[in-house]
Amino acid sequence: MKQKLMIVLALVALVLGLAACSSNNEEASTPEEESNEAVETTENTEVTIEGVNGEVTLDAPAKKVVALEWTYAENLLAVGVQPAGVADIDMYGDYVNIEPQFDDTVVDVGGRQEPNLEVLASIEPDLIIGVSFRHDSMLTELEAIAPTVIFNPYPEDESINLYEEMETTFKEIAKAVGKEAEADQVLAELDQKYEEAEAKIDSANLATKDVILTLAYSGAQAPEIRVFTPNSMASIIIEKMGLNNVHVPDQHEIFGSSTFNVEGLVKYEEANYLFTVPDADNIYQNQLSGNKVWENLTFVKENRLYDLGEDTWLYGGPLSAGTLLDQITDTMVNK
């Protein structure tokens, strides 16, 4: 009798043990399943971004984003996201000199100033990104298509420099697409590039580290030279490289540059002259060739002119900042 009872108890224990194992197996998750669950949670997490039009809340990080300004398209590429649509896409590569570029899936949505609303709607985007000076007036039409955030790269607040605005907007766009970690990595790599560039500039034994940075073109009456101010993104890039922008404007320049004729450059003639000019409108070879004021400037006589090339883009996001600092370093070190 005892033997039979022992057998029965053993069988019961075995059944209970198997049931417990089965229960544990059902509750336990593999690392792969846990990873998938984490991705699913992230994809379904509400995200709020802020532009000049206030807070914009999305049910989840955006997957299909239309960028109506080149800087914001660049920002998406920087964190590994191909935009669903971009305005003036055919002209983008003529100005924005970065890698990566757009793939074949990106749709041209018309002009930056007047995007094609029908094409925009056909994409069915999760988010539209616009710029204040172009798209404030059409915000209602854009919001009728998809949630829209507007940024202003030229804030009126004098305490905000344009480099800070670039970084803030870049991080907001990264947050919108769930790529905040990638954005942090991009900015960290850019900081490393500044350190490397400064070391190269130091080793170049320049006559002076004082510079002005200019963009020139033909004006209505005479050549016009845009000199970048200390609050501009381009000037702050220069400062981060260990150079010194000596231009001090008479007033706050909201767009980050002052416009001079050639006579206005006299007070900066002891500095190095960094410039970009279109080949098709090269005022230095055309209007200023033989100009006595220009040719008697110290930086001209001492050949401290540094041509950055016509493809130099003095605006944009962190990838464009990296390209610009490379162009400046290569030009000044290798001349």
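Structure values in brief
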| item | result |
| --- | --- |
| Accessible surface of segment 144-227 [probe 1.4 Å, protein heavy atoms]: carbon and sulfur percent | 42 percent |
| Gain upon complete extension [Met91, Asn334; 0.36 nm per residue less C-alpha separation] | 84.5 nm |
| Accessible surface, the chain, averaged per residue in Å² (probe 1.4 Å) | 52 Å² |
| Furthest towards positive pole of dipole, Pro147, Val186, Leu288, structure part the chain, Cβ charges | Val186 |
| Magnitude of the charge dipole, segment 100-149, Cβ model with Lys/Arg +1 and Asp/Glu -1, debye to 20 | 220 debye |
| C-alpha center-to-center spacing [segment 254-276, segment 69-115] in angstrom | 31 Å |
| Two-decimal log10 I(q)/I(0) for the chain, as the Debye equation yields it once each C-alpha is a single scatterer, q = 0.07, 0.11, 0.15 Å⁻¹ | -0.40, -0.80, -1.25 |
| Segment 243-294, Cα convex hull volume normalised per residue, Å³ | 111 Å³ |
| Nearest-0.05 FRET efficiency for Asp103 and Glu198, computed from C-beta distance (R0 41 Å) | 0.75 |
| Segment 69-201, relative contact order [Cα under 8 Å, separation at least 6], % | 22 percent |
| Full-extension gain in nm, Asp279 to Ile160, via 0.36 nm per residue minus C-alpha separation | 39.5 nm |
| MRE, 222 nm, helices only [DSSP H, n ≥ 4, -39500 (n - 2.57), over the chain, to nearest 500] | -13000 deg cm²/dmol |
| Rounded to whole Hz, the Karplus (6.51, -1.76, 1.60) HN-Hα couplings of segment 87-93, x for glycine and proline | 7, 6, 5, 5, 8, 3, x |
| Hull volume in cubic angstrom per residue (convex hull over the Cα atoms of segment 249-335) | 117 Å³ |
| Members of Lys193/Lys301; Lys179/Lys209; Lys171/Lys240; Lys240/Lys292 lying beyond 27 Å, as alpha-carbon distances in this model show | Lys193/Lys301; Lys179/Lys209; Lys240/Lys292 |
| Those GluC sites (Glu not before Pro) in segment 75-163 that DSSP places in a loop and that have at most 16 other beta carbons within 10 Å | Glu156, Glu158 |
| DSSP beta bridges in the chain [antiparallel fraction, %, rounded to 5] | 40 percent |
| Extension reserve of the Thr45-Gln113 stretch, reckoned as 0.36 nm per residue once the Cα distance is removed | 21.2 nm |
| Only Lys, Arg (+1) and Asp, Glu (-1) charged, at Cβ; the chain dipole about Cα centre in debye | 680 debye |
| Over the chain, relative contact order from alpha-carbon pairs under 8 Å, at least 6 apart, % | 17 percent |
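The values are calculated or read from the model by the stated rules, or taken from the named source; none is laboratory data. The structure presented is a predicted model; accordingly, all values stated were derived computationally and were not measured. Every residue, glycine as well, gets a Cβ built from its backbone with ideal geometry; the counts of neighbours run over all protein chains shown. Note: accessible area is taken over every heavy atom of the protein model, side chains too, but ligands, DNA and RNA are not part of it. Shrake-Rupley method; radii C 1.70, N 1.55, O 1.52, S 1.80 Å.
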